[in-house]
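Encoded as structure tokens, the structure appears first; notes follow it.
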Amino acid sequence: MAIFLTGSTGYIGAHVASIVLERHTDRLNLLVRAKTEEEANERLWHALQLHLDFARFHDALETRISVFRGDLTEPYFGLDKSDYTHLIGTTESVIHCAASLNRKSEKSCLNVNLRGTLEVLQLARRAHDLHGLRRFSEVSTVAAAGQRSHEMVAEDASIDWNRSDYDPYARTKKFCEHMVRELLPDVHRTVFRPSIVLGDSRRPETTQFDMVRAFVFLAGLPVLPFRPTDRIDIVPVDYVAESLVALHQKSNPAHEIYHLSSGIGSETFERLTHALAESAGKMEPLFWPGLERNFSSVVNWLSNSRGTMGRSASLLKVFLPYLVWDTVFDNSRVVAEMGRAPEPFSKYCYPLLKFSRDHRFSYPYRPWPESADLARRDAAVAGVGSVRGSRP
């Protein structure tokens, strides 16, 4: 039996997969969008090489991972009947990480987040009816709380259907939570709501750069249109993934919903800018909250330009509402369960930003080793393969 994990080639999903492989004995059923076995393997290698060397990755691929080449939004994931039946029969629990974070595209969010989650829930329903499902874990977002201002939001007070949402991503993830509760009423469920996930507190390397680009853009400005005492709820990905796996594997978590956030430990803009300036040996920026409206207009204008500046401004335009709401999310539940709080962003923000700048906002991926490629071809000739494919 195995954990069915979606989104394993994504940022949080890859962290989750690596923790399961390194600290637990469970097998993994992974849904990977790819046309060929070779493409599927290489996508996984790209995602997991931040965590595993090739020898450990290859061993896991051979002994503990079953890859199902399919698409989250296709009926039955686009798998043929035998592969889909095998997936149902071997899935003991589900961690649903896959999502579209494209906050500008309602179409993408509707297709991936709603249609995709419905397909995952149907798989879970069939697995539970066949042999019982141990747990279904849904990775949501604190943004499901909708538009807020100057608040500390508790888990059970987050969902307010009369409250407006910031963007299609937040809106669809709120509906995903609703579907999980309505369609799996008899299954043990856990909903995880990460806040702004930014970097890894253990190391500067990252493969996710969208939010980093926005912060680098802000870090280079001499004047910031924020209130210096406003808080921003940022959590490192290692804390998110470790908490998620620990609670998913726990036989009886204390709660159904957890904010994976910095909570009362959320730092102010003043604290973060001081930490960055001190590490970089630069002057701290000035704060001028009255410029917020003008700043938003300039960002909107720059977002239409080409090049690095235009891309950074476009990303900042998407994330700006999350930077000015001065809202944090109570994390006392997960801190009690884990026995520790997440590391503050100020402790690891400079190495993260420096790595991102030095590598021009891209991760130096290592290619698939030629020796392993030759071995893979020999295995293919011999008719040996570990990857299950989609319908031709």
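Could we say that residue 112 is in a helix (DSSP H, G or I), β-branched (Val, Ile, Thr), farther than 30 Å from residue 371 by Cα and under 20 Å from the mean Cα position of the chain (by Cα) here? Walk me through it before giving the result.
Numbers: in a helix (DSSP H, G or I): yes; β-branched (Val, Ile, Thr): yes; farther than 30 Å from residue 371 by Cα: yes; under 20 Å from the mean Cα position of the chain (by Cα): yes.
Taking the combined requirement at face value, the residue satisfies it.
Please name all residue pairs, on different chains or six or more residues apart, with Cβ atoms under 8 Å, provided the first residue is in segment 188-213 and is closer than 18 Å to residue 260 by Cα and in a strand (DSSP E or B) and the second residue is of a type in the set (Val, Ile, Thr) and open to solvent by 20 Å² or more (accessible area, probe 1.4 Å).
Listed by first residue and then by second, the contacts come to 194/12; 197/12.
What are the residue pairs meeting all of these: first residue in segment 101-114, first residue touching a residue at least 60 places away in the same chain (Cβ under 8 Å), second residue open to solvent by 40 Å² or more (accessible area, probe 1.4 Å) and assigned to a helix (DSSP H, G or I), Cβ atoms under 7 Å, and 6 or more apart or on different chains?
Every condition considered, the pairs that remain are 114/175.
Each row is one residue, and each column tells you yes or no for (1) without any contact (Cβ under 8 Å) to a residue 40 or more places away in the chain; (2) in a helix (DSSP H, G or I); (3) of a type in the set (S, T, N, Q).
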{"site": "291", "(1), (2), (3)": "no, yes, no"}
{"site": "297", "(1), (2), (3)": "yes, yes, yes"}
{"site": "350", "(1), (2), (3)": "no, yes, no"}
{"site": "361", "(1), (2), (3)": "no, no, no"}
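Being over 16 Å from the mean Cα position of the chain (by Cα) and outside any helix (DSSP H, G or I) is the filter here, so list the residues in segment 5-35 that pass it.
24, 25, 26, 27, 28, 29, 33, 34, 35
Report, by residue number, each residue of segment 214-247 that is more than 25 Å from residue 48 (Cβ to Cβ) and not in a loop (DSSP other than H, G, I, E, B).
Of all residues in segment 214-247, those more than 25 Å from residue 48 (Cβ to Cβ) come to 214-233.
Selection gives 214, 215, 216, 217, 218, 219, 223, 224, 231, 232.
Which of the residues belonging to segment 138-153 are out of contact with any strand residue (DSSP E or B) (no Cβ under 8 Å at 6 or more places or on another chain) and in contact (Cβ under 8 Å) with a residue 60 or more places away in the chain?
Filtering segment 138-153 down to residues out of contact with any strand residue (DSSP E or B) (no Cβ under 8 Å at 6 or more places or on another chain) leaves 143, 146-147.
Answer for segment 138-153, where residues must be out of contact with any strand residue (DSSP E or B) (no Cβ under 8 Å at 6 or more places or on another chain) and in contact (Cβ under 8 Å) with a residue 60 or more places away in the chain: 143, 147.
Mind telling me which of the residues 117, 90 ends up being surrounded by 21 or more Cβ atoms within 10 Å (Cβ to Cβ) and either over 20 Å from residue 244 (Cα atoms) or not small (Gly, Ala, Ser) (or both)?
On the way: 90 fails: surrounded by 21 or more Cβ atoms within 10 Å (Cβ to Cβ).
Within the list 117, 90, the selection yields 117.
Testing residue 255 on (1) open to solvent by 50 Å² or more (accessible area, probe 1.4 Å); (2) touching a helix residue (DSSP H, G or I) at 6+ places or on another chain (Cβ under 8 Å); (3) more than 30 Å from residue 92 (Cβ to Cβ), one condition comes back false. Which one is that?
For residue 255, the exception is condition (3).
Looking at segment 159-172, which of the residues that are in contact (Cβ under 8 Å) with a residue 60 or more places away in the chain and in contact with a Lys or Arg (Cβ under 7 Å, 6 or more places away or on another chain) is nearest to residue 125 (Cα to Cα)?
Looking at residues that are in contact (Cβ under 8 Å) with a residue 60 or more places away in the chain and in contact with a Lys or Arg (Cβ under 7 Å, 6 or more places away or on another chain), I get 169.
Can you confirm whether segment 195-206 contains a residue that is out of contact with any Asp or Glu (no Cβ under 6 Å at 6 or more places or on another chain) and among the acidic types (Asp, Glu)?
Looking for residues that are out of contact with any Asp or Glu (no Cβ under 6 Å at 6 or more places or on another chain) and among the acidic types (Asp, Glu), one finds at least one in segment 195-206, hence yes.
Mind checking which pairs have a first residue in segment 262-287 that is under 17 Å from residue 343 (Cα atoms) and a second that is of a type in the set (Lys, Arg) and open to solvent by 40 Å² or more (accessible area, probe 1.4 Å), Cβ under 6 Å, 6 or more apart or different chains?
Final answer for the pair search is 266/231; 268/231.
The values are calculated or read from the model by the stated rules, or taken from the named source; none is laboratory data. Computed from a predicted model, the values in this text were never measured in an experiment. Counting neighbours? That spans all protein chains shown, and the Cβs are built from the backbone with ideal geometry, glycine included. Ligands, DNA and RNA are excluded from the accessible area calculation, which covers all protein heavy atoms including side chains. Shrake-Rupley method; radii C 1.70, N 1.55, O 1.52, S 1.80 Å.
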